[in-house]
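Read through the structure below, which is laid out as structure tokens, and then see the notes.
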Amino acid sequence: MLAKTYTAAVNGLNAITITVEVNVTRGVMFHMSGLPDTAVKESYDRIKAALQNSGFKFPTAEITVNMAPADIKKEGSGYDLPLAVAILATGNTVDNTRLPSVMMVGELGLDGRLQPIRGALPIAIRARAEHYQALIVPLQNVREAAVVNNINVFGMESLTDVVNFLNGDTSYQPTLIDTRREFYEQQNQYDLDFSDVCGQENVKRALEVAAAGSHNLIMIGPPGSGKSMMAKRLPSILPPLSLAESLETTQIHSVAGKLPRGTSLISQRPFRAPHHTISQVALVGGGQNPQPGEISLAHNGVLFLDELPELSRSVLEVLRQPLEDRKITISRAKYNVEYPCSFMMIASMNPCPCGYYGDPTHHCVCTPGQIQRYMNKISGPLLDRIDIHCEIQAVPFAQLSQMKPGEPSANIRERVIAARKIQEERFKPFKGVHCNAMMTERMLHEFAEPDAASLDMLRMAMERLKLSARAYSRILKVARTIADLAGSEKVQSMHIAEAIGYRNLDRGDWAERGL
């Protein structure tokens, strides 16, 4: 007898409908086709134990399984449930009439309980697109999948529940989530706030400019000066996620299996801070079974790279293209996937190997050659792609001991949101451009053209600092953001001057003069 069930395979951020066909005839063999990986092949043992421990009889017969389309590789353990249901359907234990209208996915434990899977959100989106009436997922994934409207999503605890539901038990109800209410309720709940930061007004200003225009930023300063502390508070001043951005971000985390259990939508901008021993694959994505990397997990949020020179040179260099294109295409012999990676890169570093070069309270023990080699770990092309270079000093004891709270994040965030609204209005005619950091060269000439005095200032800076053409563009983008924060329609010389001041590492004498 032949039975069919329906599930989905995740490819990149999208899902592809998979038809699971099971044919049972006289014999004792088990055959599986359709490019299954090891985890799928091992499902035979899990399914057999799950059926027996759930009170069902595993057929003593020759079982042939095909997963169509057969030329797409099937990976992971999420095919256990549709396989088990199809096997039961061949023996009329499950009513076949409902199977064509139901998509299902889930891993089976040996006791028959359903275990969580990756990619429930893109699978739910696919099920709705294919007009399935119902989607069955493990209970742990139900809130993640239920954010997709116009499809009934059922979270099941065990194989027995699934069989009862398919046989007409009406006690099971779809999970309903008020997506918008939950999303907006959690948007402004931050544990970290800039009011905790004493002093460092120039660095706070630089972070505010970076947040207002989505610019990349690097902080250079001695240990304990507050670089990591301030970077971790950056999400609290960024504009809130839109519902579309939240759905896209949640989809990436769902595919990577990084979505916390019980979460429906990610409501706050992600903040990723990988360790400096991270590999290229872990950073940009890929692997034997392709997964999003840290730059994609930071999509619509912040990627914080602490101790930047400690990352390997090869890892740093792979960031160049994603920083420009805001997407990463991973091409291998067996697959080709594309992940979005529109993120703000915030980096921090010490000025020298010992960390105290230029610090007035500590003596630096590094030689000029050591300092130069340390700085040379970061290539010029990568520095060109970082819009704002910010020097930072440790806060004096007198200032720390006052315990006077700084400006709260809520106040800074209001100014950032106001500047972003100006940019959104400006870039309405341009598809895919939302902030100043995304401006093309043509847009720079239209929206950030400097006046005569500013042009003279820029020419002098370009000649003295020997800046590249890319650095010139970055200065204009940052100046445009500073003008937006000030509510100025035109980019003025004061805005250009502040933007030039954020190119400290471009100065040829930086490693000789101290901070």
Quick one: count up the residues across region 24-38 that are open to solvent by 30 Å² or more (accessible area, probe 1.4 Å) and under 20 Å from G106 (Cβ atoms).
2
How many residues, within region 133-166, are within 26 Å of the chain's Cα centre (by Cα), crowded, with 24+ Cβ neighbours inside 10 Å and in a helix (DSSP H, G or I)?
3
Any residue in region 229-241 that is within 11 Å of V302 (Cβ to Cβ) sitting within a Cβ distance under 7 Å of a residue that is of a type in the set (S, T, N, Q) and open to solvent by 10 Å² or more (accessible area, probe 1.4 Å)? List the pairs, counting only those 6 or more apart or interchain.
P235/Q268
How about region 203-231: which of its residues are touching a strand residue (DSSP E or B) at 6+ places or on another chain (Cβ under 8 Å) and farther than 27 Å from H434 by Cβ?
I220, G221, K227, S228
Which residue pairs have Cβ atoms under 6 Å apart, sit 6 or more places apart or on different chains, and have a first residue in region 373-396 that is in contact (Cβ under 8 Å) with a residue 12 or more places away in the chain and outside any strand (DSSP E or B) and a second that is open to solvent by 30 Å² or more (accessible area, probe 1.4 Å) and of a type in the set (S, T, Y)?
D384/S468
For region 400-474, give me every one of the helices (runs of 4 or more DSSP H) that falls completely inside it and has 1 or more residues that are in contact with a strand residue (DSSP E or B) (Cβ under 7 Å, 6 or more places away or on another chain).
452-465
Conditions (1) loosely packed, with under 13 Cβ neighbours inside 10 Å; (2) touching a Lys or Arg at 6+ places or on another chain (Cβ under 8 Å): number failed by N376
(2)
Taking the options M219, M229, name whichever one is of a type in the set (A, V, I, L, M) and open to solvent by 20 Å² or more (accessible area, probe 1.4 Å).
M229
Would you check if L99 is of a type in the set (A, V, I, L, M) and more than 17 Å from Y132 (Cβ to Cβ)?
no
Just one of the numbered conditions (1) open to solvent by 10 Å² or more (accessible area, probe 1.4 Å); (2) among the β-branched types (V, I, T); (3) part of a helix (DSSP H, G or I) is not true of V85; which one?
(1)
Those residues of region 88-108 that are surrounded by fewer than 22 Cβ atoms within 10 Å (Cβ to Cβ) and under 30 Å from the mean Cα position of the chain (by Cα) come to a total of 1
Test for N436: is it of a type in the set (S, T, N, Q) and under 29 Å from E324 (Cβ atoms)
yes
So is V197 open to solvent by less than 10 Å² (accessible area, probe 1.4 Å) and under 26 Å from V40 (Cα atoms) or not?
no
With respect to the numbered conditions (1) at pLDDT 90 or above; (2) of a type outside the set (K, R); (3) more than 26 Å from A418 (Cα to Cα), which one is the sole condition not fulfilled by A298?
(3)
Pairs where the first residue, in region 319-344, is over 29 Å from P239 (Cα atoms) and aliphatic (A, V, I, L, M) and the second is open to solvent by less than 70 Å² (accessible area, probe 1.4 Å) and not in a strand (DSSP E or B), C-beta under 8 Å, 6+ apart:
I330/V284; I330/P290; V337/G12; V337/P290
Read through the list (1) without any contact (Cβ under 8 Å) to a residue 60 or more places away in the chain; (2) touching a strand residue (DSSP E or B) at 6+ places or on another chain (Cβ under 9 Å); (3) more than 30 Å from V197 (Cβ to Cβ), then give the number of the only condition that P290 fails.
(1)
Is region 168-185 home to any residue that is farther than 30 Å from E391 by Cα, of a type in the set (K, R), open to solvent by 40 Å² or more (accessible area, probe 1.4 Å) and modelled with pLDDT under 90?
yes
Extreme residue, nearest to the chain's Cα centre (by Cα), among residues of region 235-270 that are of a type in the set (A, V, I, L, M, F, W, C) and crowded, with 20+ Cβ neighbours inside 10 Å:
I252
Note on region 286-335: residues of a type in the set (K, R), surrounded by 14 or more Cβ atoms within 10 Å (Cβ to Cβ) and within 30 Å of G355 (Cα to Cα) are R320
Can you tell me which of E201, E182, E208 is touching a Leu at 6+ places or on another chain (Cβ under 9 Å) and over 15 Å from M344 (Cβ atoms)?
E182
Within region 83-102, work out how many residues are touching a residue at least 12 places away in the same chain (Cβ under 8 Å) and farther than 15 Å from F58 by Cα.
7
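The values are calculated or read from the model by the stated rules, or taken from the named source; none is laboratory data. What you see is a predicted model; the values in this text were computed from it and never measured. Heads up, the Cβs are rebuilt from the backbone with ideal geometry, glycines too, and the neighbour counts pull from every protein chain shown. Protein only, heavy atoms only, side chains kept; ligands, DNA and RNA dropped before computing areas. Shrake-Rupley method; radii C 1.70, N 1.55, O 1.52, S 1.80 Å.
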